[in-house]
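Everything on this sheet refers to the single structure shown next.
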Amino acid sequence: MKQNKNNIPVWNVRISKNGSTVFQKVGSSINIDRRLYKEDIQVSIVHTEMLFKQKIISFKVKNKIIWGLNKIKNEIIKKKFNFSTIHEDIHMNIEKRLFEIIGDDAGFVHTGRSRNDQVITDLKLWLQSSTKEINNLLISIMKSILKISEDNIKTIMPGFTHLKNAQPISFAHYLLAYIEMFKRDKNRFTHNLITLSENPLGSAALSGTSFNIDRNYTTKKLKFSKPTDNSIDAVSDRDFVIDFLYSVSVCSLHISRFAEDFIIWNSDAFKLIKLNDKIVTGSSIMPQKKNPDPLEFLRGKTGSAYGNLISMLTILKGLPLSYFKDLQDDKELVFKSYDQIKYSLQILNEILKNFSVDKKRMYEFAGEGYTTATDLADYIVKDLKISFRRAYEITSSIVNYAEKNKKRLSDLSINDIKKIEPRLKDEVIEIFDLKNSIKSKKSYGGTAFENIKKMIKKYKKEIK
Ligand code: ARG
């Protein structure tokens, strides 16, 4: 019987006709899942060692298989491996090559396992290390933000609601808001490691295996924390894929909000920050232009991250248990999202290192739009011992007066103010000082300079 000859699929005895060439071209996943080669070989080696330990294969066969697998790994690293679409995916490509290298003994490697458990074991391992890489990038982003924050504790800017000047804040306080977001992202990714630590290997096609395998051994060797409890769920489950794609989506969302903030601040209408030449691009027709393309790129890429998540959710919706070919698309979505978030985080870090703050303009702008009106209302409550709503009305009249006379609140004289509320004292004028306003926001988590200093200290301890 012709067995496992090159260029013939393993199922050639059962399926004698050549398969559709169009389907072979598009149905093969080798160009995507070849990225899993290291994990696939690692998993096969551990599986082989377990088969030997359990006396399912001989010492000689075990050694031959492991030797062959290591040789294949070297071939792939040295780019001497011929990936072929005929053998569908990374698992079959490696098995086929193993036959070429060690002969028929290669036929023992697939004892007690299926590609169905193999592929998700590989993918889970890949996701574990990729998750850690993303976390490291998040740490370096947070460190960059912390550094800029430290240099800008006393940099005053307008805080916005509805993109209208609202209240003065410290620029550092604004940036630290992003530390909170990226911290949550890191926690989200880290949390995913819990389900990623369940080992599906040994679930085989869907029902487990009659061979006396030792799943605890492979679990330990592959550094998982426990074997999965249900073989049907194990091969059907892609929750860990959704979790990853969701975590990337939320992280992307945060990056896009940051990007949008910077795009607005860099705009000619705002001019609060200036992007260095390293992170702008020019126009093909307008010689004067310096456009914030990298920031727009970050904002735009968030769409693809959501798309990948929605694709996976849709693939899984109503899919019966257990394995179906539909699931094969999971890897392309994961790899695309991973590449995108990695590049985005790298670009974001470059942006953080290549912009300057126009502190004077920020301060000026923070004084526009009656941003200390709430401070005045708060002061009136305390000074005149009246309700906030009543103080709010008095303040509104003062703001109306300032607007009518084209003055800032800080330009008003004490006489102007007393015309509206005669009970107010001369000291009220100090309320319009932007620094005083910020200093007064001492409530926990508020923008007071002292609070920010403490928060930076706390973050420095946490982010390592
Ligand atoms: N390439 C396949 C995938 O990624 C591996 C599992 C194939 N299993 C099967 N029964 N066709 O999903």
Single residue of segment 100-148 satisfying the filter (within 16 Å of the ligand (Cβ to nearest atom) and outside any helix (DSSP H, G or I)) that is surrounded by the fewest Cβ atoms within 10 Å (Cβ to Cβ): 110
Hey, any hits in segment 32-46 for a residue that's of a type outside the set (D, E, K, R), more than 22 Å from residue 202 (Cβ to Cβ) and touching a helix residue (DSSP H, G or I) at 6+ places or on another chain (Cβ under 8 Å)? yes
Scan of segment 54-68 for residues that are open to solvent by 30 Å² or more (accessible area, probe 1.4 Å) and either within 16 Å of the ligand (Cβ to nearest atom) or closer than 18 Å to residue 204 by Cβ (or both), ordered by number: 54, 56
Could you tell me which numbered condition residue 185 fails, if it satisfies all but one of (1) in a helix (DSSP H, G or I); (2) of a type in the set (D, E, K, R); (3) open to solvent by 20 Å² or more (accessible area, probe 1.4 Å); (4) touching a residue at least 12 places away in the same chain (Cβ under 8 Å)? (3)
Can you find, within segment 270-291, the residue that is nearest to residue 171 (Cα to Cα) among those that are open to solvent by 50 Å² or more (accessible area, probe 1.4 Å) and assigned to a strand (DSSP E or B)? 274
Of all the residues that make up segment 16-30, how many are at pLDDT 80 or above and surrounded by 12 or more Cβ atoms within 10 Å (Cβ to Cβ)? 5
On the given criteria, is residue 112 at positive phi and touching a residue at least 40 places away in the same chain (Cβ under 8 Å)? yes
I'm trying to understand the selection: among the residues of segment 270-293, which are modelled with pLDDT under 95 and either in contact with a Lys or Arg (Cβ under 6 Å, 6 or more places away or on another chain) or over 15 Å from residue 356 (Cα atoms) (or both)? 280, 281, 282, 283, 284, 285, 286, 287, 288, 289, 291, 293
Restricting to segment 69-87, count the residues that are touching an Asp or Glu at 6+ places or on another chain (Cβ under 9 Å) and within 16 Å of the ligand (Cβ to nearest atom). 1
Within segment 352-397, which residues are open to solvent by less than 50 Å² (accessible area, probe 1.4 Å) and free of Cβ contacts under 8 Å to residues at least 24 places away in the same chain? 377, 381, 386, 391, 395, 396
Tally of residues being hydrophobic (A, V, I, L, M, F, W, C) and surrounded by fewer than 16 Cβ atoms within 10 Å (Cβ to Cβ) across segment 154-165: 1
Being of a type in the set (A, V, I, L, M), open to solvent by 90 Å² or more (accessible area, probe 1.4 Å) and in contact (Cβ under 8 Å) with a residue 12 or more places away in the chain is the requirement here; does residue 13 meet it? yes
For residue 392, only one of the following conditions fails: (1) in a helix (DSSP H, G or I); (2) at pLDDT below 95. What is its number? (2)
Report, by residue number, each residue of segment 88-98 that is away from the ligand (no atom under 15 Å from the Cβ) and open to solvent by 20 Å² or more (accessible area, probe 1.4 Å). 97
If you go through segment 302-334 one residue at a time, how many are in contact (Cβ under 8 Å) with a residue 12 or more places away in the chain, more than 16 Å from the ligand (Cβ to nearest atom) and open to solvent by 70 Å² or more (accessible area, probe 1.4 Å)? 2
Need at least 3 residues that are in contact with a strand residue (DSSP E or B) (Cβ under 9 Å, 6 or more places away or on another chain) per element, so show me which helices (runs of 4 or more DSSP H) inside segment 292-380 make the cut, counting only ones lying wholly within it. 293-316, 359-366
Limited to segment 402-424, what total is found for residues that are assigned to a loop (DSSP other than H, G, I, E, B) and open to solvent by 100 Å² or more (accessible area, probe 1.4 Å)? 2
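The values are calculated or read from the model by the stated rules, or taken from the named source; none is laboratory data. As the structure is a computational prediction, the values presented were derived from the model and not from experiment. With ideal geometry, Cβ positions are generated from the backbone for all residues, glycine too; neighbour counts draw on all protein chains shown. Heavy atoms of the whole protein, side chains included, go into the accessibility calculation; ligands, DNA and RNA do not. Shrake-Rupley method; radii C 1.70, N 1.55, O 1.52, S 1.80 Å.
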